[in-house]
Amino acid sequence: MKIVTGILVVALLGGGYGWKLHKDSKAAGVGDDDSDTTAVAPVGPQFNADSAYAFTATQCAFGPRTMNSEAHEKCEKWIISKFKSYGLEVKTQNAVLNGIDGMKLNSTNILARYNPKAATRILICAHWDSRPWADNDPDSAKHNEPVMAANDGASGVAVMLELARVITKDGKLNKNIGVDFVCFDAEDSGKDSDENSWALGAQYFASHQPDNFTPTYGILLDMVGGEGAQFYEEMMSQQYAPDIVDKVWNAAAAAGFSSYFPTASGGGVTDDHIPLNKAGIPTVDIIPFYRNLPQSSFGPTWHTTMDTMEHIDKNTLKAVGQTVVQVLYSEQ
């Protein structure tokens, strides 16, 4: 992830953009609770943030899920078992990929399908691996330590698992709609010096798509549990999938979470959605943008040893999860 385009640099320096912040944005207390907005036309079941929080914690209990590690292997088995427990059809896509440091990465993409016979399909995805280096940590002595990745990895998978649980339990999603949940591996071992070193699992998936895999559009969930997060309209998403950006951000407003989803441009990001878009699957990236944070526009814990459960906010998980529920249950 996470090479930010020069457009974002301009935005951070104050150039060119009029930020249309909701009056109840983080500057006025976003993330304290979800009572600062009113649902206009909510649809679908309630997303349980407590459950998503617990799913995040379980992944972290394995330890950092760095490539080729025991924790990575154990977490893979757990993710697969959870999707199967909700009755989803699960397949894996295994590949040995080349890391930027020359390491061979044993990668597993996990595909879980809800209502697999439905012709109209929506892709929901996130990466599940942990970054092996905390190279943005304020303590340079920790730059070679692995990242726990509570937010940058585990939160997105947790939201997908909770979505799978509530959709299956509810049983009222339009029978013509199917959902493909994809957990991408080998996303977070890249270096800024090489844009193609990021999102290796998604790159492989895009060039080796499973048979009959034809989603109408996709939604990528990346770092969707952080404290004080807001999700601006990511600029590569605007370029590749403007209609889907409108769909998701309108759903957030309808569900009552417009303060978390300002209708303003954020930065452009190299992430798992890029290879999907290039492969013809219009996909948007729900990713935070901290517009006034000196450490990183991705938040204070990004690529640091502080990306732990202490900094996961149930309100953020709720805002994102309920927004995706709104999207899915608004499909006809």
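Every number in this text was worked out from the coordinates using simple rules, so none of it is lab data. Since the model is a prediction, treat every value here as computed from it, not as a measurement. Reconstructed Cβ throughout: ideal geometry from the backbone, glycine too, with neighbour counts over all protein chains shown.
If one puts a single equal scatterer on every Cα of segment 259-310 and applies the Debye formula without solvent, what log₁₀ I(q)/I(0) results at q = 0.25 Å⁻¹?
Listed by q, the Debye log ratios stand at -1.06.
Explain nothing, just compute: Karplus ³J(HN,Hα) = 6.51 cos²θ - 1.76 cosθ + 1.60, θ = phi - 60°, for every residue of segment 69-79 in order, whole Hz, x for Gly and Pro.
With coefficients 6.51, -1.76 and 1.60, one gets 8, 5, 4, 4, 5, 5, 5, 4, 5, 5, 4 Hz.
Cβ neighbours within 10 Å, averaged per peptide: list 234-242, 221-229 in order, most packed at the top.
In descending order of packing, they fall as 221-229, 234-242.
Peptides 67-77, 86-96, 180-190, 280-290: what's the order by average Cβ count within 10 Å, highest mean first?
Details: 67-77: 17.1, 86-96: 14.5, 180-190: 26.7, 280-290: 23.7.
Averaged packing, sorted descending, gives the order 180-190, 280-290, 67-77, 86-96.
Which entries of 77/318; 84/169; 169/318; 117/172 show an alpha-carbon separation above 20 angstrom in the structure shown?
77/318
Taking amide H atoms as placed 1.01 Å from N in the peptide plane, list the residues 5 or more away in sequence, or in a different chain, whose amide H sits under 5 Å from that of residue 127.
184
Where a ≥ b ≥ c are the square roots of the eigenvalues of the C-alpha gyration tensor, would you call segment 209-264 rounded, which needs a/c under 1.5, or, failing that, prolate if a/b is larger than b/c, or oblate? Kindly include the intermediate steps, with their values, before the conclusion.
On the way: a/c = 2.00, a/b = 1.70, b/c = 1.18.
Verdict is prolate for segment 209-264.
If you count, for each residue, the other Cβ atoms within 10 Å and average over each peptide, how do 39-51, 200-212, 292-304, 122-134 line up from highest to lowest?
Averaged packing, sorted descending, gives the order 122-134, 292-304, 200-212, 39-51.
May I ask for log10 I(q)/I(0) of segment 29-175 at q = 0.15, 0.16, 0.20 Å⁻¹, from a Debye sum over the Cα atoms as equal point scatterers with solvent left out?
Values returned for q = 0.15, 0.16, 0.20 Å⁻¹ are -0.89, -0.98, -1.28.
Amide H of residue 121: which non-local residues (sequence gap of 5 or more, or other chain) have their own amide H closer than 5 Å, using H built in the peptide plane?
For residue 121, whose amide H was placed from the backbone, the distant partners under 5 Å are 178, 216.
Taking the simple approach of a point 7 Å from Cα along Cα-to-Cβ for both residue 84 and residue 135, what is their distance in nm?
Here the modelled spin labels are 3.6 nm apart.
In deg cm²/dmol and to the nearest 500, what is the mean residue ellipticity at 222 nm of the chain if only DSSP H runs of at least 4 residues count, each as -39500 (n - 2.57), divided by the residue total?
When only DSSP H runs of four or more count, the value is -9500 deg cm²/dmol.
How big is the chain by the Kirkwood estimate over distinct Cα pairs, in Å?
19.4 Å
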